[in-house]
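A short worksheet on the structure shown next.
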Amino acid sequence: MIWWLKIRAVPTLVAGTAATIALGLLIGNAQLPVPAMTGQAGQFLVGHLITLAPAILILFGTGRGDLTAESVSARPLTRWDLSLAVATAAASLLTATLFRTIWPTDITVVLGRNIAGYIGIALVLLPFLGHRAAGAALAVVPLLCAAAGWGPGGPPEPWAWLLHPGDSIPALTLALGTLAAGITATLTRRKPPRDANALQ
């Protein structure tokens, strides 16, 4: 178990998630200038972008091991990895809820929701693309939403859940649905994702 915690860089993940939430609480409401390809540009916030970090760190930790060898290990490593991802998402949502009670600002819920949603996207992409390509594809998601996720007049499109305000129940539902899809993809994959380390 200790070697798994080290290989998956769990201390880095914990520190990175805590730093993401702390930074989001401090400057998460700051706007970033991103031109819109469709509709009228809305408010693309720092909090919409930095919440990528925990999902990227999870992909980074997964890629540090030999995934081909791990796939035939007697230890339930896939379930350990999945438990780590789900625990990170759950801890982020819980932390956001707690901060919401003492810090009445919309960004608290946005941080927890988006961290969980990004982790869901990472879990969906990982079995098909491997950790490196999944990380690159994941990084495109907020940029795509910022450029094309705005409807007429400025409000975010329904599918661009990461842009919605924290009180949006449909956005929270979509984010949690994405996390559920990621869990399903992880549990049902038949072979390990492409392991770039094995090719080096």
Can you compute 3J(HN,Hα) from phi for each residue in the range 94-99, using the Karplus curve 6.51 cos²θ - 1.76 cosθ + 1.60 with θ = phi - 60°, rounded to whole Hz and x for Gly and Pro? 5, 4, 4, 5, 5, 5
If you roll a 1.4 angstrom probe over the protein chains with everything in place, what fraction of the accessible area of the range 79-180 belongs to carbon and sulfur, to the nearest %? 75 percent
Once you have the Cα-Cα distance between residue 80 and residue 98, take 0.36 nm times their residue separation minus that, and quote the gain in nm to one decimal. 3.9 nm
Computed ³J(HN,Hα) along the range 174-189: with the Karplus parameters 6.51/-1.76/1.60, θ = phi - 60°, integer Hz and x for glycine or proline, the list is 5, 5, 5, x, 5, 4, 4, 5, x, 4, 4, 4, 5, 6, 9, 5
For residue 150, enumerate residues with amide H under 5 Å from its amide H, sequence gap 5+ or separate chain, H modeled in the peptide plane. 38, 157
Through the Karplus equation 6.51 cos²θ - 1.76 cosθ + 1.60, θ set to phi - 60°, convert the phi angles of the range 157-164 into ³J(HN,Hα) values in whole Hz; use x for Gly and Pro. 5, x, 6, 8, 4, 5, 8, 6
Built amide H within the under 5 Å cut-off of residue 166, gap 5+: 110
Take residue 132 and residue 22, extend 7 Å from each Cα along the Cα→Cβ direction, and tell me the distance between the two endpoints in nm. 3.2 nm
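Can you tell me the length gained on complete extension of the stretch residue 106 to residue 169, counting 0.36 nm per residue apart and subtracting the Cα distance?
Gain on stretching residue 106 to residue 169: 21.4 nm.
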Long-range amide H partners of residue 45 with built H, under 5 Å: 32
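The values are calculated or read from the model by the stated rules, or taken from the named source; none is laboratory data. Nothing here was measured: the structure is a model prediction, and the numbers come from that model. Here Cβ is always computed from backbone atoms with ideal geometry, including for glycine, and neighbour counts include all displayed protein chains. Note: areas computed on protein heavy atoms with side chains; ligands, DNA, RNA excluded. Shrake-Rupley method; radii C 1.70, N 1.55, O 1.52, S 1.80 Å.
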